[in-house]
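What follows is a short report on a single structure.
What follows draws every value from the coordinates through simple rules; no lab data is involved. These numbers come from a predicted model, not from an experiment. No Cβ is skipped: glycine too gets one built from the backbone with ideal geometry, and neighbour counts run over all protein chains shown.
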């Protein structure tokens, strides 16, 4: 289980409360990460730790996963202090994933993938024509 400081737990619960008030429903981890300005993966890890404590519930439906507060007093048993220093790594990971998604979107939006596909098909067609033109060698050695 991730070691979560009490201050971070209070911040996460406050974010859930604010977004639940604004949206009229429990917030998704993505919405909460945007509000807190942290990586989504970090919010998911923290929410899982709070779920283990019984402070929040990650409610999954067919459409989304959202957070609901169950027992806000459960976080009082957490220690003060620093948690794991993986926040920067998680932000870097989320940034790399976002850049990768942008590259793929650019590839498909620009039509470059279609050009690559056509080039591959043309090369395969040329290879097949060349293969048909070549006379197969005699396996018995009488060429």
Subject >> Listed residues 131, 93, 108, most fluctuating in the chain (Gaussian network, C-alpha, under 10 Å) >> reply: 131
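Using a Förster radius of 22 Å, what is the FRET efficiency between residue 11 and residue 79 based on their Cβ-Cβ separation? Nearest 0.05, please.
For residue 11 and residue 79, the calculated efficiency is 0.90.
Please give the calculated 222 nm ellipticity per residue for the chain, where each DSSP H segment of at least 4 residues contributes -39500 (n - 2.57) and the sum is spread over every residue; nearest 500 deg cm²/dmol? The partial results should precede the final answer.
Values: 5 runs with 86 residues, N = 143.
Here the helix-only value at 222 nm equals -20000 deg cm²/dmol.
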Original post:
Among [x] 35, 19, 11; [y] 56, 18, 15; [z] 32, 15, 14, which is the computed semi-axes √(5λ) of the Cα gyration tensor in Å?
Top reply: [y]
Subject >> Most mobile listed residue (105, 55, 39) in the chain, GNM with C-alpha springs under 10 Å >> reply: 105
Original post:
Expressed as a whole number of Å, what is the distance separating the alpha-carbon centroids of the range 41-84 and the range 1-23?
Top reply: 8 Å
Original post:
Which angle between 0 and 90 degrees, to the nearest 10, do you get for helix 112-133 versus the longest principal axis of the chain when only C-alpha atoms count?
Top reply: 30 degrees
Original post:
Can you pull the three principal axis extents for the Cα set of the range 6-84, in Å, largest first?
Top reply: 35, 24, 21
**OP:** Springs between alpha-carbon atoms under 10 Å, Gaussian network over the chain: tell me which of 54, 111, 37 tops the mean-square fluctuations.
**Re:** 111
Original post:
Against the longest alpha carbon principal axis of the chain, how many degrees, from 0 to 90 and to the nearest 10, is the axis of helix 6-23 turned?
Top reply: 80 degrees
Original post:
Between the helical axis of 40-53 and the dominant principal axis of the chain, each derived from Cα atoms, what acute angle in degrees is found, rounded to the nearest 10?
Top reply: 50 degrees
